[in-house]
Structure formats: structure tokens, C-alpha cells
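Quick notes on the structure that follows.
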Amino acid sequence: EGPCLDAALHERWVHVPRLREDARWQTSSVRIAEELGIGSMFSCRLTLDAAPHNTLGGMNLYSSVENGFTDEDRMLALLLASWGALVVDASQQQAHLRAAIESRQVIGEAIGIVKAHNRHLTSEEAFGMLSKASQRMNVKLRDLAARIAEGEQAPAESARHADAASFPSTALGRPDAE
């Protein structure tokens, strides 16, 4: 309960000019006012659009005095929240890209290992074998590729198509087996 959650989930922003007197969040308002000495607060949703389901987070501004935010302050807070949403979104995109690059790299390593064990395979065929093994073992492709790249041995139950003890051949099965 509280202004930040309401701003993030229901409203674009919530202004509480007199926190101690606000009846909307009686428990949290009184606690924030008394324990922290906050007189007023302004909460904004961090989002790139107006839809609450695309919320990236919330931002709170606090004032030690009641009625501590002018109209200009609130407009600046909304502008700051918009910039904050851009920063949070860019950070999330960067993290996703970094993870994708790392996954691509480890999958590439696993393809190279599979090709080294089965020299007649193309990269596409080795990738196909990894994909099939991933599905058969019910393991994400990047996780299987990481295990291969780290040189792990296959668990005994996944070795049903195996003709050797090393992880790539036991996980992937024989090249001529489906």
C-alpha cells in the first residue's frame, strides 16, 4: 500500500501534499510522516508509455514540509521520471543484449566442439544436433552449450543415443541417429 505502488500500478503520478493527514494510505502515510519526518511526497510511474502493464518502476520524491511541491516541482518530477524510465529501459536492453551475446558465444563454442568430434558436420548441422539434444534432454540450448563448452560429462540418463563417454557425443547421440 502507498503512493508509490498506486503511481506505479494505477495512476501516472500521485501527489500527497499533507502526508500525515492523507486517508488513502493511513498505515503507511502516518508511519512515513512520523518515523521519517516527511511532510509531503510525490510519486511517479517509470514507464515509456501510459499503459500500467509496461511499468518499469516507481520514483518517490519527499519533502520534509507539508505542501512541499509546487506545480513546477511536480512537472519537473514527471520529466525526471520520463528520463529515469529511459535510463532503466536502456539498462534492461543492454543486459538482454549482453546475455544474448554471451549465449551466442557459448553456443558457437559448443558448435565448434561438436564439429571437432564430427569433422564431416557443417556448422548448421552441428547447431541442429545441439537443438535436438536440447529438446530431447529438456534443457535450454544455452545451458547445454555451456555444459559442452565446460567439458562436463553427460548424465547417465541422457546417454541413450551414446557411443562414447564424452559429453558432446553422449548428449548429441550418434550423427546418424535421430
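For the reader, a short list of remarks on this structure follows.
- Relative packing of 33-39, 91-97, 7-13, which averages over residues the other C-beta atoms within 10 Å, highest first: 7-13, 33-39, 91-97
- With a cut-off of 20 Å on the backbone N, the residues of the stretch 74-103 near the modelled label site 7 Å out from Ser131 along Cα-Cβ are 100-103.
- Amide proton proximity set for Val139, modelled H, under 5 Å, gap of 5+: none
- In order through the stretch 136-141: 3J(HN,Hα) via Karplus (6.51 cos²θ - 1.76 cosθ + 1.60), integer Hz, x for Gly, Pro: 4, 8, 6, 10, 4, 4
- Note on the stretch 1-124: Cα-only Rg and Dmax are 23.4, 77 Å.
- Using the Cβ-Cβ distance between Asp89 and Lys140 with R0 = 22 Å, the FRET efficiency computed as 1/(1 + (r/R0)^6) comes to roughly 0.30.
- Per residue solvent-accessible surface (Å²) - the stretch 1-97, probe of 1.4 Å: 61
The values are calculated or read from the model by the stated rules, or taken from the named source; none is laboratory data. As the structure is a prediction and not an experimental result, all values here were calculated from the model. Ideal geometry is used to build each Cβ from the backbone, glycine not excepted, and the neighbour counts take in all protein chains shown. These area figures cover heavy atoms from the full protein model, side chains too; ligands, DNA and RNA do not enter into them. Shrake-Rupley method; radii C 1.70, N 1.55, O 1.52, S 1.80 Å.
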